[in-house]
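K.L.:
Handing you a structure now.
The values are calculated or read from the model by the stated rules, or taken from the named source; none is laboratory data. Worth saying up front: this structure is predicted, and the values here are computed from it rather than measured. Cβ coordinates were reconstructed from backbone atoms using ideal geometry, including for glycine residues, and neighbour counts include every protein chain displayed. For the accessible areas, the whole protein counts, side chains as well, though only heavy atoms, and no ligand, DNA or RNA atoms are used. Shrake-Rupley method; radii C 1.70, N 1.55, O 1.52, S 1.80 Å.
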Amino acid sequence: MTASATEAADYLKHLLRAIFWVSFPFGILSFVLPIYGRELGASAVEIGGLFSVFALVPVVVRPVLGRALDRWGRRPFLLLGLSGYLAAMAVFALSRDVRMLMLGRFIQGMGQAFLWLTALTIVADVAPRTGRGLSFGSVDEATNRGAIIGTTIGFAGLFLLQGRNGAGFREFWPLLFAAYAVPALLALVTAWRAIPETRPPEAAAPVRSRPISGQLVALMGIVFATGASSAMVWPLLMVFLGDHLGAGVTELVLAYLPAALIGAVLPSRTGRLADRLGRRTLMAAGLLIGAGASVLIPHLRTVALLAALWAVESAGYAASIPAERAFVADIAGADTRGTSYGLYTFAYFLGALVGPLAGGWLYDTVDPSTPFYLNAAVLAVGAILVWTVLGKRAGAAAVGAATVEPR
């Protein structure tokens, strides 16, 4: 369909609202999943597996799903993705062993495979060319704001239960995810009622653009490597900090709060910078910031320093991710956006599939610091490749367009 500027802005507003609701469990899940897994007797490798299984379905589905989006439209897959998240909350609420946790993460991965690829494609459909960075940044902000509110509610509930009857994660877990099913349902209802089909007319044409270009292949290689290294360290971070700082969950949550707030307000602003200055500068800067943060993590001695480091790292992600997503939209044809985002996200999740398992093995058998140093090296090399392999073309589309349609 072809939407007016006003209609497109309205569709984007409702999409952001649905993303906000479905993101409620994202923040707390990253904290409590490794800890709950440990309570159920999971090893470091099994904890890594809880994160790898989440990436398994996107790896298998994304390349095919992207083409399906271009052929059959965006709306059906958006609704399927939101339904997957709702089902995952129900399975989590029933989880009493590691196998059930794995199943819940697998179903959540199904929701992830459908929802986020479709959401990125819809943003590319409706966002003005000169405002793509801003729009993709707004998606990240909606995600982070939902996660902040959901995490606050979740930990408030945990502290309340602990204060009344000394309940731990085993008692709290089912109540938490039964509660998170409510905003997941609201997200599904919002999308069902307010987001129509956004596939452009060009996607139905018999002659189609080629979705794979040299730029996209180069970006996929960089995204695979950096995605694998980043996914390698995050599942272990909570375990590492607990082992080396003696920090409890409450301290870690408070330490992460500044980073979460940065993620809730900065991405749209850095996305606007990417619209003005080009994609390459923001992408490379974000990777270098992440590399610096990772190499310092093994040397942390206080929770206050951890909070500062997380805040800097969050700024790096806010710089790189909207620019990266906008770059894909810049190089994709209007009739192959779904396919292009399918391949791009496939590369990321392929890295996310192997990274946590590799990180768990290095943590258990080599040294707990090794995954963090390796991640720093990979991110630094990724920044160099963004600047050299993608070259000036990574910013050319955005800079050239910025003189056409200011927003």
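K.L.:
In a Gaussian network model over the chain where Cα atoms closer than 10 Å are linked, find which of Ile122, Ile47, Ile35 has the largest mean-square fluctuation.
P.N.:
Ile35
K.L.:
Please tell me the relative contact order of the chain in percent, rounded to the nearest whole number, where contacts are Cα pairs under 8 Å and at least six residues apart. Intermediate values should be presented prior to the final figure.
P.N.:
Details: 735 pairs, mean separation 121.7, N = 407.
Relative contact order comes out at 30 percent.
K.L.:
Sticking with this structure for a sec: Mind listing which trypsin sites (Lys or Arg not before Pro) in the stretch 90-126 are in a DSSP loop and have 14 or fewer other Cβ atoms within 10 Å? It would help to have the intermediate numbers written out before the result.
P.N.:
Details: sites: Arg96, Arg99, Arg105; in loops: Arg96.
When the trypsin sites (Lys or Arg not before Pro) of the stretch 90-126 are filtered for loop state and at most 14 Cβ neighbours within 10 Å, Arg96 remain.
K.L.:
Have a look at Val60, Val91, Val22 and tell me which one the Gaussian network model of the chain (Cα, springs below 10 Å) gives the largest fluctuation.
P.N.:
Val60
K.L.:
Another question, then. Just to confirm a number: summing +1 for Lys and Arg and -1 for Asp and Glu over residues other than Trp361 whose beta-carbon lies under 15 angstrom from that of Trp361, what do you get?
P.N.:
-3
K.L.:
Can I ask one more? Using a Gaussian network model of the chain with C-alpha springs under 10 Å, which one of Thr198, Thr130, Thr370 is most mobile by mean-square fluctuation?
P.N.:
Evaluated over the chain, the most mobile residue of the options is Thr370.
K.L.:
I've got another one for you. Around Ala260, under 13 Å between beta carbons, what's the net of Lys plus Arg minus Asp minus Glu among the other residues?
P.N.:
Working: positive: Arg145; negative: Asp140, Glu141, Glu313.
Here the count lands on -2.
K.L.:
OK, next. Summarise the accessible area of the chain (1.4 Å probe, protein heavy atoms) by the percent that is carbon and sulfur. All intermediate terms of the calculation are to be shown ahead of the outcome.
P.N.:
Values: 10870 of 16070 Å².
Reported share for carbon and sulfur atoms: 68 percent.
K.L.:
Just to confirm a number: summing +1 for Lys and Arg and -1 for Asp and Glu over residues other than Ala191 whose beta-carbon lies under 14 angstrom from that of Ala191, what do you get? Intermediate results must be reported in sequence, preceding the final value.
P.N.:
Working: positive: Lys13, Arg17, Arg74, Arg75, Arg193; negative: Asp10, Glu197.
Around Ala191, the surrounding residues sum to +3.
K.L.:
Enumerate by residue number the trypsin sites (Lys or Arg not before Pro) in the stretch 276-328 meeting two conditions: DSSP loop (anything except H, G, I, E, B), and at most 14 other Cβ atoms within 10 Å of the site's Cβ.
P.N.:
Details: sites: Arg276, Arg279, Arg280, Arg301, Arg325; in loops: Arg301.
Here the sparse-neighbourhood loop sites are Arg301.
K.L.:
While we're looking at this one, here's another question. Determine the per residue accessible area of the chain with all protein chains present and a 1.4 angstrom probe, expressed in square angstrom.
P.N.:
On the way: 16070 Å² over 407 residues.
On a per-residue basis, 39 Å².
K.L.:
Provide the FRET efficiency to the nearest 0.05 for the Lys13-Ser213 pair, computing r from the beta carbons and using R0 = 30 Å.
P.N.:
Working: r = 32 Å, r/R0 = 1.05.
Calculated transfer efficiency: 0.40.
K.L.:
Using 0.36 nm times the number of residues separating Trp361 and Leu261, minus their current alpha carbon distance, what extension gain do you get?
P.N.:
Values: separation 100, 0.36 × 100 = 36.00 nm, distance 3.25 nm.
Contour length minus the Cα-Cα distance gives 32.8 nm.
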